[in-house]
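Enquirer: To start, I am sharing the structure in question, which I have written as structure tokens.
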Amino acid sequence: MKYGTLYAYWTHEWTGDYKHFAKKVADIGFDILEISAGDLLTMSDSYLAELKALAKELGIIITSNIGPAKKYDVGSSDPETRERGIKFLSDIMKQMDKLDSRSIVGVMYTYWPCDFTDLDKPAIWARGVDSVKKLGHVAGELGIDYCLEVVNRFETNILNTAEEGVQFCRDVDMPAVKLLLDTFHMNIEEDSMGGAIRTAGKLLGHVHVGEANRKLPGQGRLPWDEIGAALREIGFDGNVVMEPFVKMGGKVGSDIKVWRDLSDNADEAQMDVNIKKSLEFLRGKFEG
Ligand SMILES: [Mn+2]
């Protein structure tokens, strides 16, 4: 398994200086930097080439995370919105190819965060499957894994459990289309953490890790031994990426609903120490 983190551990907005974060995560000992996929659309070819070269030099890979806005909802009842969403996500994948980023991860079967104005789940599901088939074709051609994130009931009405995710993937039936399970969401929705991972099995393409309150792995009460054992049992050899959110403020704080400091008022140096310790903890639990 490879281990990484989302850069937004250190930021208040959904954007950042990815060269800075590439160096930072490599220094800490990570194998992966996860960035905001939407930012790829504003990156020049020369910047993409520089970031690609830097990642290679540092020995890390870059994965691309997206929660498409409502105007890009590929499950929308409005055909123009669906087309816009398919183009948006296809354009992102073309930029990812230039960066040599081979995993797009997130709620790319609908939009995020959901406002729950359309509750016709079967219709959204069917339109989402149809759109994701098209996107899975683009991903397959580019050698990109298109990993659909299963999230909790407060963030979508479509895929809340591993079982639903597996059904959606089977409906799409494209090799590039896989699942993303996130321990934070699983803790809310799944009867069994290990069971959900075994349900996903070979369809599992990416894992997000964080405690029940989105603190760093090892700072809370999630069953990391059980999670690690299940990942080894299914032979998971993919990307495990932390999504720690511990600071208030900005769009990150409001989208994630961080209303108190969860870092014990850590400064940046202390946050770096904390995440390094969490990485060591996670490797110990997951590598068995
Ligand atoms: Mn996640």
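Enquirer: Could you bin all the Cα-Cα distances of the range 1-141 into 5 Å bins starting at 0 and give me the percent of pairs in each, rounded to whole numbers?
Expert: Computed distribution, short to long bins: 2, 10, 19, 21, 17, 13, 10, 5, 2, 0.
Enquirer: A further question follows. Between their Cα atoms, which of Lys19/Lys70; Lys70/Lys134; Lys23/Lys134; Lys251/Lys285 are more than 27 Å away from each other? Numbers along the way, then the final one.
Expert: Working: Lys19/Lys70 29 Å; Lys70/Lys134 19 Å; Lys23/Lys134 35 Å; Lys251/Lys285 32 Å.
Result: Lys19/Lys70; Lys23/Lys134; Lys251/Lys285 exceed 27 Å.
Enquirer: What does the net charge come to around Ser76 if you take all other residues with beta carbon closer than 15 Å to its beta carbon, with K and R at +1 and D and E at -1? Before the final figure, lay out the partial values.
Expert: Details: positive: Lys70, Lys71, Arg82, Arg84, Lys87, Lys121, Arg127, Lys134; negative: Asp73, Asp78, Glu80, Glu83, Asp115, Asp118, Asp120, Asp130.
The answer is 0.
Enquirer: In the chain, what percent of the accessible surface is made up of carbon and sulfur (1.4 Å probe, ligands and nucleic acids excluded)?
Expert: Working: 6010 of 12110 Å².
The nonpolar share, carbon plus sulfur, comes to 50 percent.
Enquirer: Run the numbers on the chain and let me know its relative contact order in percent, using alpha-carbon pairs under 8 Å that are six or more apart.
Expert: On the way: 576 pairs, mean separation 54.0, N = 288.
Once divided by the residue count of the chain, the mean separation gives 19 percent.
Enquirer: What's the Kirkwood radius of the range 131-278 in Å, using all Cα pairs?
Expert: About 16.3 Å for the range 131-278.
Enquirer: Still on this model: Taking the Cβ of Arg283 as the center, what net charge do the other residues with Cβ under 12 Å away carry, scoring Lys and Arg +1 and Asp and Glu -1?
Expert: Values: positive: Lys2, Lys276, Lys277, Lys285; negative: Asp31, Glu280, Glu287.
Residues close to Arg283 contribute a combined charge of +1.
Enquirer: List the residues, sorted by chain then number, that are 5 or more residues from Glu149 or on another chain and whose placed amide H is less than 5 Å from its amide H.
Expert: Those qualifying (amide H under 5 Å, at least 5 residues apart or on another chain) are Gly106, Val107, Met108, Leu180.
Enquirer: Between the range 158-227 and the range 38-109, how many Å separate their Cα centres?
Expert: Spelled out, the Cα-based centre of one part sits 22 Å from the other.
Enquirer: Let me ask something additional. For His20, what accessible surface area do you get with a 1.4 Å probe? Give it in Å², rounded to 10.
Expert: Surface open to solvent at His20 totals about 90 Å².
Enquirer: Which value results when the Cα radius of gyration for the range 41-84 is divided by 2.2 N^0.38 Å?
Expert: Values: Rg = 15.7 Å, N = 44, 2.2 N^0.38 = 9.3 Å.
Against the empirical 2.2 N^0.38 Å value, I get 1.69 for the range 41-84.
Enquirer: Another question about this same structure. Which entries of Lys133/Lys247; Lys202/Lys257; Lys2/Lys215; Lys87/Lys202; Lys24/Lys215 have Cα-Cα distances beyond 30 Å here?
Expert: On the way: Lys133/Lys247 37 Å; Lys202/Lys257 32 Å; Lys2/Lys215 20 Å; Lys87/Lys202 28 Å; Lys24/Lys215 19 Å.
Exceeds cut-off: Lys133/Lys247; Lys202/Lys257.
Enquirer: Moving on to the next point. I'd like to know how the range 64-193 sits against the 2.2 N^0.38 Å rule of thumb: what's its Cα Rg over that expected value? Don't skip to the answer; put the middle values down first.
Expert: Details: Rg = 13.6 Å, N = 130, 2.2 N^0.38 = 14.0 Å.
The value comes to 0.97.
Enquirer: Please compute the alpha carbon radius of gyration of the range 2-286, then divide it by the globular-protein estimate 2.2 N^0.38 Å. Two decimals is fine.
Expert: Values: Rg = 17.7 Å, N = 285, 2.2 N^0.38 = 18.8 Å.
Relative to the 2.2 N^0.38 Å estimate, the range 2-286 comes out at 0.94.
Enquirer: If exposed trypsin sites (Lys or Arg not before Pro) are those in a DSSP loop with at most 15 other Cβ within 10 Å, what is the longest stretch of the chain that has none?
Expert: Details: sites that count: Arg153, Arg221, Lys257, Arg260.
Of all site-free stretches, the longest is 1-152.
The values are calculated or read from the model by the stated rules, or taken from the named source; none is laboratory data. Keep in mind that what you see is a predicted model, and the values were worked out from it rather than measured. We place every Cβ from the backbone using ideal geometry, glycine too, and count neighbours over all the protein chains shown. Note: areas computed on protein heavy atoms with side chains; ligands, DNA, RNA excluded. Shrake-Rupley method; radii C 1.70, N 1.55, O 1.52, S 1.80 Å.
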